[in-house]
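What follows is calculated from the coordinates using simple rules that are stated; it is not laboratory data. The shown structure was predicted, so the numbers you read here are calculated from the model rather than taken from an experiment. Note that each Cβ is placed from the backbone with ideal geometry, even for glycine, and that neighbours are counted across all protein chains shown.
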Amino acid sequence: MRIMGTRLRAIARDTAGIVRGGGYTAPDGRRVHLADDGAHAVANTRLHLPEEDLAAARGDAEAGPGMPDLPPRSEVSGCGSSSGTCPRPS
């Protein structure tokens, strides 16, 4: 268990460094820039509460440049299942 904790801490440390640095160097040597994409994601993130009417909320949201008019969706990731499979949302 200690090895896994050490490994996860190293991954977290690397991830934090990537975020602070605005990107990373890929194995092929090219620089992958994430700062602009991250800023765009933060600026265009919306919190929709369970009781909220999504159709009304969608009308209030302003689509930024390059944002397609797509229906709302949700994703489940990192569910923590030890089997490696996560239940699908119904």
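Rounded to the nearest whole Hz, the Karplus-based 3J(HN,Hα) values (6.51 cos²θ - 1.76 cosθ + 1.60, θ = phi - 60°) of the stretch 5-11 follow the sequence x, 5, 4, 5, 4, 5, 5, with x at glycine and proline. Projecting label points 7 angstrom from Cα along Cα→Cβ for residue 16 and residue 56 puts them 4.2 nm apart.
Only Lys, Arg, Asp and Glu carry charge here, each on its Cβ (+1 for the first two, -1 for the last two); on that basis the stretch 2-60 has a dipole of about 640 debye about its Cα centre.
Amide H to amide H distances under 5 Å link residue 23 with 34, where only residues 5 or more positions off or on other chains count and H is placed in the peptide plane.
In this entry, the stretch 2-60 is assigned a mean projected area of 7.1 nm², taken as a quarter of its C-alpha convex hull surface.
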